[in-house]
Amino acid sequence: MKTKTDLELFEQLDFKENPFYENIITNLVENHYSIVDNFFNAEEVAMLRRALKLKFDESQFKKAAIGNRTNEIVAKSIRGDFILWLNEAEAGEAENLFFNKINSLIAYLNKTCFLGILTKEFHYALYPEGTFYQRHLDTFQNDGRRKLSLVCYLNEEDWKPENGGELVIYSEENGEEVAKAIYPMPGRVVIFESQLMEHEVKPVKTARLSITGWLKTR
Ligand SMILES: O=C(O)CCC(=O)C(=O)O
Ligand SMILES: [Fe+2]
């Protein structure tokens, strides 16, 4: 019989099941995506939205590209958003709060799911009126390190259907394609498996604000 080391015993004592995270994991296992409402509360969303807008107004955003960070092609016909990569080392108050929540989710996933998340990358995104992101897979640049995609919505008020801009996630059920439309409600976070789930952002009719990112294996 294998005897447990002190460290293993300590980790068992330390571990507390968290129903909020467990729900995300169950969704991911069953559907390969999870829609998490109130991941960020109204105050947190307001802080992050202010930080995003300030940087956008200071012209820190640039036209999003296709490809990875070293091999970028700007293709307006595919995606029309403007982005700014977040740097955790230089995070302000709002971004610190953001990373604290994300890091706590990562720690839980690593303890319970053996996903081996070692790195992450996140960017602010702003879709101006009339823009969209055509159907794609987040690993189209052969980046097999991306395991989970996370999109965090920072819009001002409850998003109305006439604002457009829904995220559509495609999956297969009984050999048939199913399209799930998800509105970018403030505080909502959508998490999905980067390597499996094709998705798109429908044309927006009102500027649409978010933070998008990936949890990666290295
Ligand atoms: O904003 C969204 O809902 C999804 C964005 C997206 O698919 C991406 O940036 O890769
Ligand atoms: Fe995507």
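At 1.4 Å probe size, with every protein chain present, just tell me what the per residue accessible area of segment 31-216 comes to in Å². Please report the intermediate quantities before stating the final value.
Working: 9020 Å² over 186 residues.
Ligands and nucleic acids excluded, the result is 48 Å² per residue.
Highest mean first, the peptides 146-152, 34-40 sorted by other C-beta atoms within 10 Å per residue fall in the order 146-152, 34-40. Between ALA207, ALA46, ALA89, the residue with the greatest mean-square fluctuation in the GNM of the chain (Cα pairs under 10 Å linked by springs) is ALA89. For PRO128, neighbours were defined as the other residues whose beta-carbon sits under 9 Å from its Cβ, and their charges (Lys and Arg +1, Asp and Glu -1) total -1. Applying a DSSP loop filter and a limit of 10 other Cβ atoms within 10 Å to the chymotrypsin sites (Phe, Trp or Tyr not before Pro) in segment 86-136 leaves PHE114. With a cut-off of 13 Å between beta carbons, the residues surrounding LEU150 carry a summed charge of +3, where Lys and Arg count +1 and Asp and Glu -1.
Local charge for LEU137 was computed over the other residues whose Cβ lies under 11 Å away, with Lys and Arg +1 and Asp and Glu -1, and equals -3.
Based on Cβ point charges of +1 for Lys and Arg and -1 for Asp and Glu, what charge dipole magnitude is obtained for the chain about its Cα centre, in debye rounded to the nearest 20?
Working: 27 positive and 34 negative charges, 128 e Å.
Result for the chain is approximately 620 debye, rounded to the nearest 20.
Quick one: angle between helix 19-31 and the longest Cα principal axis of the chain, in degrees between 0 and 90, rounded to 10, please. Approximately 70 degrees, to the nearest ten.
Measuring gaps between exposed loop sites in the chain (GluC sites (Glu not before Pro); DSSP loop; at most 14 other Cβ atoms within 10 Å), the longest gap, sites not included, is 59-128. For the chain, modelled as a Gaussian network with Cα springs under 10 Å, which listed residue fluctuates most, ARG188, ARG208, ARG50? Answer for the Gaussian network model of the chain: ARG50. By the rule of a C-alpha distance below 15 Å, with chain neighbours fewer than 8 residues away ignored, the aspartates and glutamates paired with LYS160 are GLU129.
Its Cα gyration tensor gives the chain an equivalent ellipsoid; the semi-axes, largest first and in whole Å, are 30, 21, 18. Angle of helix 93-112 to the longest C-alpha principal axis of the chain, folded into 0 to 90 degrees and rounded to 10: 40°.
Among the chymotrypsin sites (Phe, Trp or Tyr not before Pro) in segment 152-218, none is located in a DSSP loop while being surrounded by at most 16 other Cβ atoms within 10 Å of its own Cβ. The angle between the Cα long axis of helix 42-57 and the main principal axis of the chain comes to about 50°, on a 0 to 90 degree scale. Ignoring lysines fewer than eight residues from LYS16 along the same chain, the ones with Cα atoms less than 23 angstrom from its Cα are LYS4, LYS101, LYS111.
The values are calculated or read from the model by the stated rules, or taken from the named source; none is laboratory data. This structure is a prediction, so every number in the text was calculated from the model and none was measured. Cβ sites come from the backbone with ideal geometry, for glycine too, and all protein chains shown count toward neighbours. Please note that ligands, DNA and RNA were not included when accessible areas were found on the heavy atoms of the full protein model with its side chains. Shrake-Rupley method; radii C 1.70, N 1.55, O 1.52, S 1.80 Å.
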